[in-house]
1. Could you tell me which numbered condition Asp16 fails, if it satisfies all but one of (1) outside any helix (DSSP H, G or I); (2) under 16 Å from Ala233 (Cα atoms)?
2. Any residue in the stretch 90-104 that is within 28 Å of Ala24 (Cβ to Cβ) and free of Cβ contacts under 8 Å to residues at least 40 places away in the same chain sitting within a Cβ distance under 8 Å of a residue that is open to solvent by less than 30 Å² (accessible area, probe 1.4 Å) and not in a loop (DSSP other than H, G, I, E, B)? List the pairs, counting only those 6 or more apart or interchain.
3. On the given criteria, is Ala174 at pLDDT 95 or above, surrounded by fewer than 21 Cβ atoms within 10 Å (Cβ to Cβ), under 27 Å from Lys33 (Cα atoms) and within 19 Å of the chain's Cα centre (by Cα)?
4. Search the stretch 135-160 for residues that are part of a loop (DSSP other than H, G, I, E, B) and pair each with any residue that is open to solvent by 20 Å² or more (accessible area, probe 1.4 Å) and of a type in the set (S, T, N, Q) when their beta-carbon atoms are under 7 Å apart and the residues are at least 6 apart or on different chains.
5. Checking Leu204 against (1) among the aliphatic types (A, V, I, L, M); (2) closer than 25 Å to Gln30 by Cα; (3) open to solvent by 20 Å² or more (accessible area, probe 1.4 Å): exactly one of these is not met. Which one?
6. Starting from residues that are within 26 Å of Lys112 (Cα to Cα) and touching a residue at least 40 places away in the same chain (Cβ under 8 Å), keep the ones in the stretch 14-38 and report whichever is farthest from the chain's Cα centre (by Cα).
7. Return the residue satisfying two criteria in turn: it lies in the stretch 1-18 and is more than 9 Å from the ligand (Cβ to nearest atom) and under 19 Å from Ile77 (Cβ atoms), and of such residues it is most open to solvent (accessible area, probe 1.4 Å).
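The values are calculated or read from the model by the stated rules, or taken from the named source; none is laboratory data. All values derive from a computational prediction rather than experimental measurement. Cβ sites come from the backbone with ideal geometry, for glycine too, and all protein chains shown count toward neighbours. With ligands, DNA and RNA removed, areas are computed over all heavy atoms of the protein, side chains included. Shrake-Rupley method; radii C 1.70, N 1.55, O 1.52, S 1.80 Å.
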Amino acid sequence: MLLKDKVALVTGITNDRSIAYYIAKQYSEQGAKVLLTYQGERLKEGTEKIAQEIGAAGVYCCDATKDDDLKNMFGDINTNFGGLDIFVHAIAFANKNELGGGITNSTAEGFKLALEISAFTLINMSKYAMPLMEKRGGGSIMTLTYIGSIKALPSYNAMGVAKAALESAVRYLAFEGGPKNIRVNSISPGPIRTVAARSIPGFLDMYNNFAEHSFMKKNVEGEDVAGTAVYLASDLSKMVTGMVIFIDGGFHCNGF
Ligand code: NAD
């Protein structure tokens, strides 16, 4: 039980293919009190079913761009759970227009939306999470990024820029959180077939070609990402912060 009695907030569950689903499940198996969020009414029922399945301790409706939702949720966590130990940010979004074609398709509105949801929400949610972690003597924050932050990929466009901003935000949050014993990291998995991923034009080609270029010659599964998320949440990683950790079987450093 690596996470016994730790309070863990896990965002970004759409269904049982979501990366966050695998993370929440393994957190629960490791003894954490897991709190889930869903973005809006459409996802309520599914998330409540998953909460039951994994034995979650609570479910919150939370649109990460709405300050009122954040205030209510973090306020409730403070009152009912006495603080927070772990926060998983698994949130990203871009309009269709900003994915596909070339990056010059981006509009100011669409670009801002991708940056706001996919990068700024980590900063804003950490603003609420950090004081709750300080109360417990420290904590661990992590987010999900993608190799499109450092390499130009077909169709990823504005989301690649947003992921670069997200990774930079991780370093600044790690800088701010360090003296409070709060660690902040990002996990960068290879392609996994989720709702968000499938909205990227050409994603399935990327997915199908991945194994050939990975040293491990296979695709990444949700469980693989969750294992690293457990490590980052636990004391095993107590001096690890500001990192981008690739879970891609070596794909990121393949030179041929
Ligand atoms: P997913 O569709 O299951 O999850 C994305 C989640 O983001 C959804 O649950 C959605 O509700 C949430 N979200 C979007 N806007 C939100 C908002 N305003 N407020 C609250 N929640 C909001 O897909 P996923 O692939 O599991 O995505 C999780 C994270 O993993 C994302 O950051 C994604 O970029 C990242 N990632 C995915 C892959 C992949 O191949 N699937 C690879 C690398 C990184």
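1. Condition not satisfied by Asp16: (2).
2. Asn95/Gly110; Asn95/Ala114
3. Spelling it out, Ala174 is indeed at pLDDT 95 or above, surrounded by fewer than 21 Cβ atoms within 10 Å (Cβ to Cβ), under 27 Å from Lys33 (Cα atoms) and within 19 Å of the chain's Cα centre (by Cα).
4. Cβ pairs passing all conditions: Gly137/Asn181; Gly138/Asn181.
5. For Leu204, the exception is condition (2).
6. Keep residues of the stretch 14-38 that are within 26 Å of Lys112 (Cα to Cα), which gives 14, 18-20, 37-38.
Pick out the ones that are also touching a residue at least 40 places away in the same chain (Cβ under 8 Å) and you get 14, 18-20.
Values: Thr14: 13, Ser18: 10, Ile19: 8, Ala20: 7 Å.
That would be Thr14.
7. As a first pass, look at the stretch 1-18 and keep what is more than 9 Å from the ligand (Cβ to nearest atom): 1-10, 16.
Filter again for under 19 Å from Ile77 (Cβ atoms), leaving 3-10.
Values: Leu3: 0, Lys4: 128, Asp5: 82, Lys6: 49, Val7: 2, Ala8: 0, Leu9: 0, Val10: 0 Å².
Going through the qualifying residues, I end up with Lys4.
Each row is one residue, and each column tells you yes or no for (1) out of contact with any Asp or Glu (no Cβ under 8 Å at 6 or more places or on another chain); (2) within 22 Å of Thr11 (Cβ to Cβ); (3) of a type in the set (A, V, I, L, M).
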position	(1), (2), (3)
Phe111	no, no, no
Ala119	yes, yes, yes
Asn124	no, yes, no
Val195	yes, yes, yes
